[in-house]
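The structure appears below as C-alpha coordinates.
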Amino acid sequence: MVDTIPLFSRYPRLADRLPYMSLCELPTAIEPLTGLGQLLQIGGLYAKRDDRSAAGYGGNKVRKLEFLLADAVQKNRREVLTFGFAGSNFAAATALYGRRQGLDCLSMLLPQSPSDYVRSNLLVGRAAGATLMQSPSVPRLAVRALWQMAQRPFSGRPLPYWIPAGGSSPLGVCAYVNAALELAGQIEAGEVPVPDRIYVAMGSMGTVAGLAVGLHLAGLDSRVVAVRVVEKRFASARGLSDLIGRVIDLLGSDVVSRGAKPQIIGNIEVREEYFGGEYGHVPAETAIVMEQFATETTLRLDGTYSGKAATALVADAKKGALGDQQVILWHTFNCHPLQPLIGSITVRDLPAEFRDYFQTQVTDPSI
(Lines give C-alpha, C1' and ligand atoms only; values in the text may rest on other atoms or scores of the structure.)
Protein backbone atom coordinates (compact mmCIF):
# COMPACT_ATOMS: atom_id res chain seq x y z
CA MET A 1 0.00 0.00 0.00
CA VAL A 2 1.28 3.46 -0.91
CA ASP A 3 0.27 5.00 2.40
CA THR A 4 2.49 2.60 4.34
CA ILE A 5 5.82 4.14 3.33
CA PRO A 6 7.23 6.27 6.16
CA LEU A 7 7.28 9.50 4.13
CA PHE A 8 3.54 9.29 3.45
CA SER A 9 2.67 8.01 6.91
CA ARG A 10 4.38 11.02 8.47
CA TYR A 11 3.17 13.52 5.86
CA PRO A 12 -0.12 12.23 4.40
CA ARG A 13 -0.55 15.22 2.08
CA LEU A 14 2.55 14.13 0.16
CA ALA A 15 0.76 10.94 -0.86
CA ASP A 16 -1.57 13.11 -2.95
CA ARG A 17 1.25 15.21 -4.40
CA LEU A 18 4.03 12.72 -5.13
CA PRO A 19 3.67 9.79 -7.57
CA TYR A 20 4.77 6.44 -6.19
CA MET A 21 4.72 2.75 -7.08
CA SER A 22 6.06 -0.14 -5.03
CA LEU A 23 9.08 -1.85 -6.60
CA CYS A 24 11.19 -2.58 -3.54
CA GLU A 25 11.04 -4.95 -0.60
CA LEU A 26 11.15 -2.48 2.27
CA PRO A 27 12.37 -1.86 4.85
CA THR A 28 15.84 -3.09 3.97
CA ALA A 29 17.57 -4.86 6.82
CA ILE A 30 20.05 -3.45 9.30
CA GLU A 31 22.83 -6.00 9.72
CA PRO A 32 25.29 -5.87 12.65
CA LEU A 33 28.90 -6.28 11.51
CA THR A 34 30.04 -7.24 14.98
CA GLY A 35 33.25 -9.08 14.15
CA LEU A 36 34.58 -6.41 11.83
CA GLY A 37 33.48 -3.68 14.24
CA GLN A 38 35.49 -5.30 17.01
CA LEU A 39 38.47 -5.76 14.71
CA LEU A 40 38.37 -2.08 13.78
CA GLN A 41 37.69 -1.08 17.40
CA ILE A 42 34.43 0.70 16.61
CA GLY A 43 31.71 0.96 19.25
CA GLY A 44 29.11 -0.46 16.87
CA LEU A 45 29.22 -1.19 13.14
CA TYR A 46 26.15 -1.91 11.00
CA ALA A 47 25.24 -2.19 7.32
CA LYS A 48 22.02 -0.85 5.83
CA ARG A 49 21.32 -3.51 3.22
CA ASP A 50 20.05 -1.51 0.28
CA ASP A 51 21.93 -4.00 -1.88
CA ARG A 52 18.84 -6.16 -1.19
CA SER A 53 16.29 -3.43 -1.87
CA ALA A 54 14.48 -5.53 -4.49
CA ALA A 55 14.47 -9.09 -5.77
CA GLY A 56 16.50 -9.74 -8.90
CA TYR A 57 18.20 -6.34 -9.09
CA GLY A 58 18.68 -4.34 -5.90
CA GLY A 59 20.72 -1.31 -4.88
CA ASN A 60 19.86 2.29 -4.16
CA LYS A 61 18.68 3.03 -7.71
CA VAL A 62 15.47 1.01 -7.39
CA ARG A 63 14.25 3.18 -4.53
CA LYS A 64 14.41 6.25 -6.79
CA LEU A 65 12.58 4.45 -9.58
CA GLU A 66 9.60 3.91 -7.28
CA PHE A 67 8.91 7.64 -7.63
CA LEU A 68 10.31 8.34 -11.10
CA LEU A 69 8.65 5.51 -13.04
CA ALA A 70 5.37 6.23 -11.25
CA ASP A 71 5.61 9.80 -12.53
CA ALA A 72 6.35 8.61 -16.08
CA VAL A 73 3.35 6.25 -16.02
CA GLN A 74 1.12 8.91 -14.49
CA LYS A 75 2.08 11.26 -17.34
CA ASN A 76 1.28 8.58 -19.92
CA ARG A 77 4.83 8.44 -21.27
CA ARG A 78 5.83 5.41 -23.30
CA GLU A 79 9.60 5.78 -23.03
CA VAL A 80 12.19 6.99 -20.52
CA LEU A 81 15.56 8.50 -21.32
CA THR A 82 18.40 8.51 -18.84
CA PHE A 83 22.13 9.12 -18.64
CA GLY A 84 25.20 7.60 -17.00
CA PHE A 85 28.50 5.88 -17.59
CA ALA A 86 28.64 2.70 -19.63
CA GLY A 87 28.27 0.45 -16.59
CA SER A 88 25.61 2.60 -14.96
CA ASN A 89 23.62 0.69 -12.37
CA PHE A 90 20.87 3.26 -12.75
CA ALA A 91 20.64 2.85 -16.53
CA ALA A 92 20.43 -0.93 -16.18
CA ALA A 93 17.84 -0.72 -13.39
CA THR A 94 15.77 1.83 -15.34
CA ALA A 95 15.70 -0.42 -18.39
CA LEU A 96 14.75 -3.45 -16.32
CA TYR A 97 12.04 -1.91 -14.14
CA GLY A 98 10.83 0.41 -16.89
CA ARG A 99 10.17 -2.53 -19.19
CA ARG A 100 8.09 -4.16 -16.42
CA GLN A 101 5.89 -1.04 -16.51
CA GLY A 102 5.58 -1.19 -20.29
CA LEU A 103 8.11 1.61 -20.86
CA ASP A 104 10.88 1.60 -23.44
CA CYS A 105 14.26 2.93 -22.37
CA LEU A 106 16.94 4.99 -24.11
CA SER A 107 20.27 4.98 -22.24
CA MET A 108 22.73 7.74 -23.20
CA LEU A 109 26.11 6.66 -21.84
CA LEU A 110 29.69 7.89 -21.35
CA PRO A 111 32.81 5.70 -21.58
CA GLN A 112 34.47 4.20 -18.50
CA SER A 113 37.15 1.66 -17.71
CA PRO A 114 36.06 -1.89 -18.58
CA SER A 115 35.15 -4.26 -15.76
CA ASP A 116 32.97 -7.28 -15.24
CA TYR A 117 30.13 -5.22 -13.76
CA VAL A 118 30.24 -2.79 -16.71
CA ARG A 119 29.87 -5.72 -19.09
CA SER A 120 27.06 -7.24 -17.04
CA ASN A 121 25.07 -4.02 -16.76
CA LEU A 122 25.33 -3.40 -20.50
CA LEU A 123 23.95 -6.89 -21.13
CA VAL A 124 21.20 -6.42 -18.54
CA GLY A 125 20.12 -3.20 -20.22
CA ARG A 126 20.08 -4.79 -23.66
CA ALA A 127 18.23 -7.86 -22.36
CA ALA A 128 15.58 -5.48 -20.99
CA GLY A 129 15.20 -3.99 -24.46
CA ALA A 130 17.01 -0.70 -23.88
CA THR A 131 18.44 1.29 -26.76
CA LEU A 132 22.08 1.94 -25.80
CA MET A 133 24.08 4.87 -27.16
CA GLN A 134 27.58 6.01 -26.17
CA SER A 135 29.30 9.36 -26.73
CA PRO A 136 32.91 10.25 -25.86
CA SER A 137 32.18 13.39 -23.80
CA VAL A 138 29.40 15.17 -21.95
CA PRO A 139 28.96 17.90 -24.62
CA ARG A 140 28.73 15.34 -27.41
CA LEU A 141 26.34 13.24 -25.32
CA ALA A 142 24.11 16.29 -24.84
CA VAL A 143 24.15 17.06 -28.56
CA ARG A 144 23.28 13.46 -29.39
CA ALA A 145 20.42 13.45 -26.89
CA LEU A 146 19.03 16.71 -28.27
CA TRP A 147 19.34 15.39 -31.82
CA GLN A 148 17.34 12.34 -30.81
CA MET A 149 14.62 14.61 -29.44
CA ALA A 150 14.63 16.80 -32.55
CA GLN A 151 13.86 13.76 -34.70
CA ARG A 152 10.79 12.74 -32.72
CA PRO A 153 8.23 15.02 -34.40
CA PHE A 154 9.27 13.68 -37.81
CA SER A 155 9.11 10.03 -36.74
CA GLY A 156 5.76 10.36 -35.01
CA ARG A 157 7.23 9.17 -31.72
CA PRO A 158 6.36 11.14 -28.55
CA LEU A 159 9.04 12.70 -26.39
CA PRO A 160 10.39 10.44 -23.63
CA TYR A 161 10.33 11.08 -19.91
CA TRP A 162 13.78 12.49 -19.06
CA ILE A 163 15.56 11.23 -15.94
CA PRO A 164 18.91 12.74 -14.91
CA ALA A 165 21.94 10.56 -14.19
CA GLY A 166 21.41 8.41 -11.13
CA GLY A 167 17.77 9.41 -10.87
CA SER A 168 18.83 12.42 -8.81
CA SER A 169 15.99 14.81 -9.59
CA PRO A 170 14.16 16.30 -6.59
CA LEU A 171 11.44 13.67 -7.05
CA GLY A 172 13.98 10.83 -7.18
CA VAL A 173 15.71 12.19 -4.09
CA CYS A 174 12.46 11.82 -2.14
CA ALA A 175 13.19 8.08 -2.15
CA TYR A 176 16.07 8.67 0.23
CA VAL A 177 14.14 11.13 2.35
CA ASN A 178 11.83 8.16 2.80
CA ALA A 179 14.80 5.83 3.42
CA ALA A 180 16.07 8.03 6.24
CA LEU A 181 12.61 7.97 7.84
CA GLU A 182 12.65 4.19 7.39
CA LEU A 183 15.93 4.09 9.34
CA ALA A 184 14.37 6.27 12.04
CA GLY A 185 11.64 3.66 12.42
CA GLN A 186 14.24 0.91 12.80
CA ILE A 187 16.00 2.98 15.46
CA GLU A 188 12.71 3.46 17.30
CA ALA A 189 12.09 -0.29 17.10
CA GLY A 190 15.46 -0.97 18.73
CA GLU A 191 17.06 -2.60 15.67
CA VAL A 192 20.01 -0.21 15.72
CA PRO A 193 21.25 2.60 17.98
CA VAL A 194 21.18 6.18 16.74
CA PRO A 195 24.21 6.32 14.43
CA ASP A 196 26.88 8.94 14.95
CA ARG A 197 28.00 8.55 11.33
CA ILE A 198 26.53 7.11 8.15
CA TYR A 199 29.08 6.36 5.42
CA VAL A 200 27.69 6.36 1.89
CA ALA A 201 29.05 6.76 -1.64
CA MET A 202 28.27 10.04 -3.42
CA GLY A 203 27.87 9.92 -7.19
CA SER A 204 24.91 11.86 -8.55
CA MET A 205 24.34 13.22 -5.00
CA GLY A 206 20.71 12.09 -4.71
CA THR A 207 21.20 9.46 -2.03
CA VAL A 208 23.26 11.85 0.12
CA ALA A 209 20.83 14.75 -0.32
CA GLY A 210 17.82 12.61 0.52
CA LEU A 211 19.41 11.04 3.58
CA ALA A 212 20.43 14.44 4.95
CA VAL A 213 16.94 15.90 4.50
CA GLY A 214 15.25 12.79 5.91
CA LEU A 215 17.51 12.65 8.96
CA HIS A 216 16.64 16.27 9.68
CA LEU A 217 12.92 15.49 9.44
CA ALA A 218 13.43 12.56 11.82
CA GLY A 219 15.21 14.79 14.34
CA LEU A 220 18.45 12.81 14.05
CA ASP A 221 21.85 14.55 14.17
CA SER A 222 23.67 11.65 12.51
CA ARG A 223 26.52 12.85 10.30
CA VAL A 224 26.38 11.76 6.65
CA VAL A 225 29.91 10.99 5.49
CA ALA A 226 29.58 11.34 1.70
CA VAL A 227 32.48 9.70 -0.14
CA ARG A 228 32.79 11.21 -3.61
CA VAL A 229 33.18 8.57 -6.35
CA VAL A 230 32.85 10.77 -9.46
CA GLU A 231 34.61 13.84 -10.82
CA LYS A 232 33.90 17.14 -9.09
CA ARG A 233 32.00 18.43 -12.11
CA PHE A 234 29.34 15.80 -11.35
CA ALA A 235 29.34 16.11 -7.53
CA SER A 236 30.21 19.42 -5.91
CA ALA A 237 29.32 21.31 -2.75
CA ARG A 238 27.40 23.84 -4.81
CA GLY A 239 25.53 21.14 -6.71
CA LEU A 240 24.64 19.32 -3.49
CA SER A 241 23.39 22.53 -1.90
CA ASP A 242 21.27 23.32 -4.95
CA LEU A 243 19.78 19.81 -5.01
CA ILE A 244 18.89 19.94 -1.32
CA GLY A 245 17.21 23.31 -1.87
CA ARG A 246 15.11 21.92 -4.73
CA VAL A 247 14.09 18.92 -2.62
CA ILE A 248 13.00 21.24 0.18
CA ASP A 249 10.96 23.24 -2.33
CA LEU A 250 9.30 20.08 -3.66
CA LEU A 251 8.38 18.80 -0.20
CA GLY A 252 6.94 22.18 0.73
CA SER A 253 7.10 24.44 3.76
CA ASP A 254 4.54 22.32 5.58
CA VAL A 255 7.17 19.54 5.65
CA VAL A 256 10.49 21.39 5.96
CA SER A 257 11.30 25.08 6.03
CA ARG A 258 13.76 26.67 3.64
CA GLY A 259 15.59 27.98 6.71
CA ALA A 260 16.56 24.44 7.66
CA LYS A 261 18.89 24.13 4.66
CA PRO A 262 22.11 25.32 6.42
CA GLN A 263 21.56 22.83 9.26
CA ILE A 264 20.93 20.00 6.79
CA ILE A 265 24.08 20.81 4.81
CA GLY A 266 26.04 21.15 8.05
CA ASN A 267 25.40 17.48 8.84
CA ILE A 268 27.13 16.35 5.63
CA GLU A 269 30.88 15.71 5.49
CA VAL A 270 32.14 15.31 1.93
CA ARG A 271 35.27 13.19 1.52
CA GLU A 272 37.36 13.63 -1.61
CA GLU A 273 40.39 11.40 -1.11
CA TYR A 274 39.07 7.98 -2.15
CA PHE A 275 37.88 8.70 -5.70
CA GLY A 276 40.98 7.23 -7.35
CA GLY A 277 41.28 9.75 -10.17
CA GLU A 278 38.93 8.07 -12.64
CA TYR A 279 35.34 6.90 -12.40
CA GLY A 280 35.22 3.16 -11.90
CA HIS A 281 38.93 2.82 -11.08
CA VAL A 282 39.55 0.72 -7.95
CA PRO A 283 42.59 1.92 -5.98
CA ALA A 284 44.70 -0.71 -4.22
CA GLU A 285 43.47 0.54 -0.83
CA THR A 286 39.86 -0.06 -1.83
CA ALA A 287 40.64 -3.53 -3.21
CA ILE A 288 42.13 -4.46 0.18
CA VAL A 289 39.06 -3.18 2.02
CA MET A 290 36.75 -5.09 -0.33
CA GLU A 291 38.64 -8.28 0.45
CA GLN A 292 38.49 -7.54 4.19
CA PHE A 293 34.71 -7.11 4.06
CA ALA A 294 34.36 -10.28 1.98
CA THR A 295 36.31 -12.20 4.63
CA GLU A 296 34.77 -10.69 7.76
CA THR A 297 31.16 -10.00 6.71
CA THR A 298 28.39 -11.13 4.36
CA LEU A 299 28.72 -7.97 2.26
CA ARG A 300 29.72 -8.00 -1.40
CA LEU A 301 31.14 -4.55 -2.09
CA ASP A 302 31.79 -2.94 -5.44
CA GLY A 303 34.91 -0.93 -6.20
CA THR A 304 33.11 2.05 -7.70
CA TYR A 305 30.64 2.96 -4.95
CA SER A 306 30.24 1.11 -1.63
CA GLY A 307 33.83 -0.12 -1.64
CA LYS A 308 35.06 3.46 -1.54
CA ALA A 309 32.62 4.41 1.21
CA ALA A 310 33.91 1.43 3.18
CA THR A 311 37.50 2.52 2.50
CA ALA A 312 36.82 5.88 4.15
CA LEU A 313 35.19 4.11 7.10
CA VAL A 314 38.13 1.74 7.63
CA ALA A 315 40.67 4.55 7.26
CA ASP A 316 38.85 6.63 9.90
CA ALA A 317 38.70 3.64 12.24
CA LYS A 318 42.44 3.02 11.86
CA LYS A 319 43.10 6.66 12.73
CA GLY A 320 41.09 6.20 15.93
CA ALA A 321 38.49 8.73 14.74
CA LEU A 322 35.50 6.45 15.41
CA GLY A 323 36.25 5.20 18.92
CA ASP A 324 33.04 4.19 20.67
CA GLN A 325 30.80 5.65 17.97
CA GLN A 326 27.86 3.90 16.32
CA VAL A 327 28.50 3.68 12.57
CA ILE A 328 26.40 2.59 9.58
CA LEU A 329 27.72 1.72 6.13
CA TRP A 330 24.82 2.38 3.74
CA HIS A 331 25.38 -0.35 1.16
CA THR A 332 24.05 0.80 -2.21
CA PHE A 333 25.32 -1.83 -4.68
CA ASN A 334 23.12 -4.59 -6.11
CA CYS A 335 24.02 -7.93 -4.47
CA HIS A 336 22.09 -10.24 -6.80
CA PRO A 337 23.77 -12.21 -9.63
CA LEU A 338 22.92 -10.71 -13.00
CA GLN A 339 23.15 -13.74 -15.27
CA PRO A 340 19.46 -14.66 -14.76
CA LEU A 341 18.55 -11.19 -16.08
CA ILE A 342 20.96 -11.43 -19.01
CA GLY A 343 19.77 -14.81 -20.24
CA SER A 344 20.95 -15.56 -23.76
CA ILE A 345 22.00 -11.97 -24.60
CA THR A 346 25.67 -11.74 -25.64
CA VAL A 347 28.11 -9.10 -26.80
CA ARG A 348 26.91 -9.69 -30.36
CA ASP A 349 23.55 -8.18 -29.37
CA LEU A 350 25.15 -4.88 -28.33
CA PRO A 351 25.79 -1.90 -30.62
CA ALA A 352 29.33 -2.00 -32.04
CA GLU A 353 30.43 0.98 -29.94
CA PHE A 354 30.17 -1.14 -26.76
CA ARG A 355 32.01 -4.24 -27.91
CA ASP A 356 35.45 -2.96 -26.90
CA TYR A 357 34.40 -3.43 -23.27
CA PHE A 358 34.47 -7.17 -23.88
CA GLN A 359 37.79 -7.22 -25.73
CA THR A 360 39.91 -5.06 -23.41
CA GLN A 361 41.66 -6.74 -20.49
CA VAL A 362 40.13 -6.01 -17.11
CA THR A 363 42.74 -4.82 -14.60
CA ASP A 364 40.53 -3.63 -11.71
CA PRO A 365 38.65 -5.96 -9.38
CA SER A 366 35.46 -7.02 -11.10
CA ILE A 367 33.09 -5.68 -8.45
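The values are calculated or read from the model by the stated rules, or taken from the named source; none is laboratory data. Quick caveat, the model's predicted, so the values are computed rather than measured. Because the Cβ atoms are built from the backbone with ideal geometry, glycine has one as well, and the counts that use them run over all protein chains shown. Calculation scope for accessible area: heavy atoms of the full protein, side chains included, ligands and nucleic acids excluded. Shrake-Rupley method; radii C 1.70, N 1.55, O 1.52, S 1.80 Å.
Structure summary
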read-out	value
Condition broken by Ser204, with the remaining ones in (1) part of a helix (DSSP H, G or I); (2) under 25 Å from Pro283 (Cβ atoms) satisfied	(1)
Neighbours by Cβ (under 7 Å, 6+ apart or cross-chain): first from region 99-119, farther than 25 Å from Glu79 by Cα and touching a residue at least 12 places away in the same chain (Cβ under 8 Å); second part of a helix (DSSP H, G or I) and of a type outside the set (A, V, I, L, M)	Pro114/Tyr357
Within region 141-165, considering residues that are part of a helix (DSSP H, G or I) and touching a Ser or Thr at 6+ places or on another chain (Cβ under 7 Å), the one surrounded by the fewest Cβ atoms within 10 Å (Cβ to Cβ)	Arg144
Selection status of Thr82, among the β-branched types (Val, Ile, Thr) and touching a helix residue (DSSP H, G or I) at 6+ places or on another chain (Cβ under 6 Å)	yes
Selection count, region 182-193, where residues are within 21 Å of the chain's Cα centre (by Cα), aliphatic (A, V, I, L, M) and surrounded by fewer than 24 Cβ atoms within 10 Å (Cβ to Cβ)	1
Scan of region 31-77 for residues that are buried (at least 18 other Cβ atoms within 10 Å of the Cβ), farther than 23 Å from Ser169 by Cβ and of a type in the set (A, V, I, L, M), ordered by number	Leu33, Leu36, Leu40, Ile42, Leu45, Ala47
Where a residue in region 340-361 is among the hydroxyl-bearing types (Ser, Thr, Tyr) and its partner, wherever it lies, is open to solvent by 40 Å² or more (accessible area, probe 1.4 Å), with Cβ under 6 Å and at least six apart	Tyr357/Arg119
Unmet criterion (only one of (1) farther than 18 Å from Glu296 by Cβ; (2) part of a loop (DSSP other than H, G, I, E, B)) for Pro340	(2)
One residue from Val80, Val138, Val124 being open to solvent by 20 Å² or more (accessible area, probe 1.4 Å), more than 14 Å from Glu353 (Cβ to Cβ) and among the β-branched types (Val, Ile, Thr)	Val138
Residue in region 305-326 that is farther than 25 Å from Arg197 by Cβ and part of a helix (DSSP H, G or I) present	no
Candidate set: region 37-63, residues that are among the polar types (S, T, N, Q) and touching a Leu at 6+ places or on another chain (Cβ under 9 Å); chosen: the one nearest to Ala201 (Cα to Cα)	Ser53
Every residue from region 285-303 that is open to solvent by less than 90 Å² (accessible area, probe 1.4 Å), in a helix (DSSP H, G or I) and among the hydroxyl-bearing types (Ser, Thr, Tyr)	Thr286
Where a residue in region 70-89 is free of Cβ contacts under 8 Å to residues at least 60 places away in the same chain and farther than 12 Å from Thr304 by Cβ and its partner, wherever it lies, is surrounded by fewer than 24 Cβ atoms within 10 Å (Cβ to Cβ) and of a type outside the set (Lys, Arg), with Cβ under 7 Å and at least six apart	Ala70/Pro19; Ala70/Tyr20; Ala70/Met21; Val73/Gln101; Gln74/Pro19
